[in-house]
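Heads up, the thing below is written out as structure tokens.
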Amino acid sequence: MPMPPTGHDAAPVVATLGNGARVVVYPLPWLDSVSLSVFVRTGSQHERRRENGISHVVEHMAFKGTATRDCQRINLDAERLGAEVNAHTDKDHTAFHMHGLAQHAGEFIAMLGDIVRHGSFPADELERERQVILHELTDDEDDPMSAAYKLFDRACFGTHAVAQPVIGTRANIERFTRDDLLAYVQRQYSGENLVLGVAGRVDPDAMLRAAEQAFGGMPRGEARAVAEAPFLGGLKQRRHAGSSQSHVVLGFPLPSLRADDCSGALAAAVLGEGMSSPLLDQVRERRGLAYYTACSADVLDSCGQFVIEASTAPAQLDEFLAEVARLLRAQAERIAPVDFERARNQLAVRSLRAQERPFRRLEDAAQDLFVHGRVRPRSEWIARMQAVPAEAVRLAFERMLARPAALALVGKLVAGAPQRFVAQLASG
């Protein structure tokens with residue numbers, strides 16, 4: 001059944017500056033606050049091997065000083081207006097965020113422009129922040145599920161840059177210099193690779209003028225698209241001291257964002273969205289094989305992954321993997337109508353809820369611009385998703401099972417379990 005028209009789905013104001021930078025403004029007059037994000041199309045998949053982790057270091061260091069402000073002034077300028085400042089780095093982008101009163105939106109754009117364009121990366125601040133990032137890396141290394149995901153990425157894509165961890169390597173973090181950061185920003189931060197998003201009770205024309213002043217002087221540069229990563233598949237495992245469980249991440253290839261294919265997202269929702277889904281109903285509710293398990297479609301412009309993750313007792317690992325293999329084969333044979341209806345409605349609700357969060361709306365818009373060159377309304381995505389027939393989802397499972405699986409196991413290892421899982425997949 002088609003979804004009814006959605007509220008607050010009006011098209012944003014989108015403009016392109018002379019240097020190729022895009023500006024997206026969502027006037028949301030029912031909000032008293034404003035959310036702003038600058039997205040730069042550079043992340044770990046854009047890094048050379050000896051640079052792995054540098055995008056994340058740049059994100060940290062952007063707040064440590066500019067040509068005119070030290071780190072204390074950067075924080076005070078935002079916080080005296082009541083604003084919150086944050087940032088994150090991912091495989092395909094780096095983002096800088098501010099959230100505050102709508103009346104200060106123009107000032108926030110200027111502040112973000114200063115942070116993104118004029119970072120001075122003071123050497124003394126770099127030495128201090130290097131230690132902070134190394135502590136963050138240690139926390140990451142202590143997390144067995146994070147370690148499983150790193151192995152999973154390598155099983156999927158081998159030495160392709162998309163398999164590199166966002167946080168980087170200890171050796172690289174310890175080696176980066178101020179000159180390395182400046183050279184990376186000069187190469188990667190450019191108009192063609194930048195989107196400024198604003199959402200709140202704002203005047204779009206005023207936001208465009210502020211954007212031109214803050215970002216119009218950036219060099220144009222070249223769009224930093226990444227070649228699609230070939231999916232390899234394979235088995236990887238590692239013991240993890242102190243872990244009493246077996247932590248599993250397994251999956252198969254999906255089309256990248258460039259394919260604009262909804263069937264992978266639907267397949268993940270059919271198998272593992274919600275407690276009534278086959279994965280959670282069978283693995284957790286009926287068999288007690290795991291407290292936590294989940295299924296997702298992780299899709300970037302360079303790759304796509306159908307992912308199942310879980311943590312289970314080593315004594316139950318074989319039974320868990322056998323049940324997952326059975327469930328995957330079952331979906332490749334037939335999609336139950338009730339699961340298909342549930343999955344479509346769950347994805348529609350998830351998409352609409354995301355649009356109620358301004359920062360998520362801005363991130364979706366930036367991704368649309370980077371990959372498709374336009375901002376698509378959610379109603380369009382929902383309509384395309386609901387037009388996908390159940391047979392297309394069944395075929396998506398069939399295609400996945402025709403490819404080698406990628407399986408990563410971290411923690412307590414069980415001899416032969418990964419190989420038995422592969423054999424069970426093939427036995428159908």
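Each reported figure results from applying straightforward, stated rules to the coordinates on display, with no laboratory input. Everything numeric in this text was worked out from a predicted model, so none of it was measured. For neighbour counting, all protein chains shown are included, and Cβ atoms are generated from backbone atoms with ideal geometry for every residue, glycine included.
Computed from backbone phi with θ = phi - 60° and the Karplus coefficients 6.51, -1.76 and 1.60, the 3J(HN,Hα) list for region 366-372 is 5, 4, 4, 5, 5, 9, 10 Hz; x is used for glycine and proline. A cut-off of 5 Å between modelled amide H atoms, ignoring neighbours fewer than 5 places along the same chain, links Val299 with Gln305.
Of all the Cα-Cα pairs you can form in the chain, what percent are over 38 Å apart? Of the Cα pairs, 27 percent sit more than 38 Å apart.
Take every Cα pair under 8 Å whose residues are at least 6 apart in sequence, average their separation, divide by the length of the chain, and the relative contact order is 22 percent. Scalar couplings 3J(HN,Hα) for region 151-167, obtained by applying the Karplus form with A = 6.51, B = -1.76, C = 1.60 to θ = phi - 60°, are 5, 4, 4, 5, 5, 6, 10, x, 8, 4, 4, 5, 7, 6, x, 4, 6 Hz; x denotes Gly and Pro. Amide H contacts of Gly119 (H built 1.01 Å from N, in plane; Pro and chain starts excluded): no residue 5 or more places away or on another chain comes under 5 Å.
Contact order for region 13-215, expressed relative to its length and based on alpha carbon pairs under 8 Å spaced 6+ residues apart, stands at 42 percent. Ranking Thr66, Ser256, Ala396 by how far each Cα lies toward the positive end of the dipole of the chain (charges on Cβ) leaves Ala396 at the top.
Its residue count N fixes a reference of 2.2 N^0.38 Å for region 80-179, and the Cα radius of gyration divided by that reference is 1.34. The convex hull drawn around the Cα atoms of region 283-428, when projected onto a plane and averaged over every direction, covers 10.4 nm². Projecting the Cα atoms of Gly53, Met145, Tyr184 onto the charge dipole of region 13-215, computed from C-beta unit charges around the Cα centre, puts Tyr184 farthest toward the positive end. If only the Cβ of Lys and Arg carry +1 and only the Cβ of Asp and Glu carry -1, the dipole of region 234-426 around its Cα centre is close to 260 debye. Can you tally the net charge around Ala210? Count Lys and Arg as +1, Asp and Glu as -1, for every other residue whose Cβ sits under 13 Å from the Cβ of Ala210. Taking every other residue near Ala210 into account, the sum is -4.
Positive contributions from Lys and Arg (+1) and negative ones from Asp and Glu (-1), summed over other residues with Cβ under 13 Å from the Cβ of Leu347, come out at +3. Simple rule: put +1 on each Lys or Arg Cβ and -1 on each Asp or Glu Cβ in the chain, find the dipole, and look at Gln237, Ala171, Phe359; the Cα lying farthest toward the positive end is Gln237.
A simple rule links phi to the HN-Hα coupling: the Karplus curve 6.51 cos²θ - 1.76 cosθ + 1.60 with θ = phi - 60°, which for region 84-93 gives 9, 10, 8, 6, 8, 10, 10, 5, 10, 6 Hz, with x for Gly and Pro. Taking a sphere under 10 Å around the Cβ of Pro27 and counting the other residues whose Cβ falls inside, with K and R at +1 and D and E at -1, yields a net charge of 0. This model, with +1 at the C-beta of Lys and Arg and -1 at the C-beta of Asp and Glu, gives the chain a dipole about its Cα centre of some 920 debye.
Semi-axes of the equivalent ellipsoid for region 13-215, computed as √(5λ) from the eigenvalues of its C-alpha gyration tensor and ordered from largest down, come to 30, 19, 16 Å.
Taking Gly234, Gly197, Gly217 as the candidate residues, the one with maximal mean-square fluctuation in a Gaussian network model of the chain, Cα springs under 10 Å, is Gly217.
For region 1-157, the Cβ-based charge dipole about the Cα centre amounts to some 620 debye (Lys, Arg positive; Asp, Glu negative; other atoms uncharged).
Across region 234-426, the mean sequence separation of Cα contacts (distance under 8 Å, 6 or more residues apart), normalised by length, yields a relative contact order of 38 percent.
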